[in-house]
Amino acid sequence: MEREVIWSDKAESDLQKIYDFNSPIIGEQKAFQMIEKLVLKTDILTNKILSGTRYISNRRPEVNYQKLIYGNHLIIYLETEERVEVIRVFDARQNPIKLKL
């Protein structure tokens, strides 16, 4: 049985910010393709066997966040038996304190 991938409001907002930042630099089509690839990357999380590695938050180290890396981006998520919730999408070249997790 596959798990459902849910995107938090923050994660969707992060995707929009990534698109808005990159669109004037690389063009709308390539920026859209970048977002599309980030979203498609999370498809592997539907399989319970495949997952990312632990991400330890400075603010909440007790929370068992996981991360998936795609290019320069971290996809931060929480997983249960039934679903995966994408919490944030973050450009890893930035200061991780900006994540506020």
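As a test of the formula, what do you get for the chain when each DSSP H run with n ≥ 4 contributes -39,500 (n - 2.57) and the sum is divided by the residue count, at 222 nm and rounded to the nearest 500 deg cm²/dmol?
Helix-only estimate at 222 nm: -10500 deg cm²/dmol.
Could you give the nm distance between label points at D9 and K98, where each point is 7 Å from its Cα heading toward the beta carbon?
Here the modelled spin labels are 2.2 nm apart.
Under the definition of Cα pairs under 8 Å and six or more residues apart, what whole-number percent is the relative contact order of the chain?
Relative contact order of the chain: 31 percent.
Looking at the P(r) of the chain, how many percent of alpha-carbon pairs lie beyond 21 Å?
32 percent
Please name whichever of N47, W7, Q66 sits farthest to the positive end of the charge dipole of the chain, dipole taken about the Cα centre and charges placed at Cβ: Lys and Arg +1, Asp and Glu -1.
Farthest towards the positive pole: Q66.
How much FRET efficiency would the formula 1/(1 + (r/R0)^6) give for T46 and D91, where r is the Cβ-Cβ distance and R0 is 41 Å, rounded to 0.05? Provide the component values of the computation, followed by the final result.
On the way: r = 24 Å, r/R0 = 0.60.
Taking R0 as 41 Å, the efficiency between T46 and D91 is 0.95.
Against the longest alpha carbon principal axis of the chain, how many degrees, from 0 to 90 and to the nearest 10, is the axis of helix 9-26 turned?
30 degrees
For the chain, please report how many Lys pairs fall under 28 Å Cα to Cα, leaving out neighbours fewer than 8 apart on the same chain.
Going through the chain pair by pair, I get 27.
Through the Karplus equation 6.51 cos²θ - 1.76 cosθ + 1.60, θ set to phi - 60°, convert the phi angles of region 65-81 into ³J(HN,Hα) values in whole Hz; use x for Gly and Pro.
Those phi angles translate into 5, 10, 10, 10, 9, 9, x, 8, 10, 9, 9, 9, 8, 10, 10, 10, 5 Hz.
What does the net charge come to around D43 if you take all other residues with beta carbon closer than 13 Å to its beta carbon, with K and R at +1 and D and E at -1?
So the surrounding residues net to 0.
If you put +1 on each Lys and Arg Cβ and -1 on each Asp and Glu Cβ, how big is the dipole of region 4-91 around its Cα centre, in Debye rounded to 20?
In total the dipole reaches around 360 debye.
Here, each number is a calculation from the coordinates, and none is a lab measurement. Just so we're clear, the structure is a prediction, and the values are computed from it rather than from any experiment. Note that each Cβ is placed from the backbone with ideal geometry, even for glycine, and that neighbours are counted across all protein chains shown.
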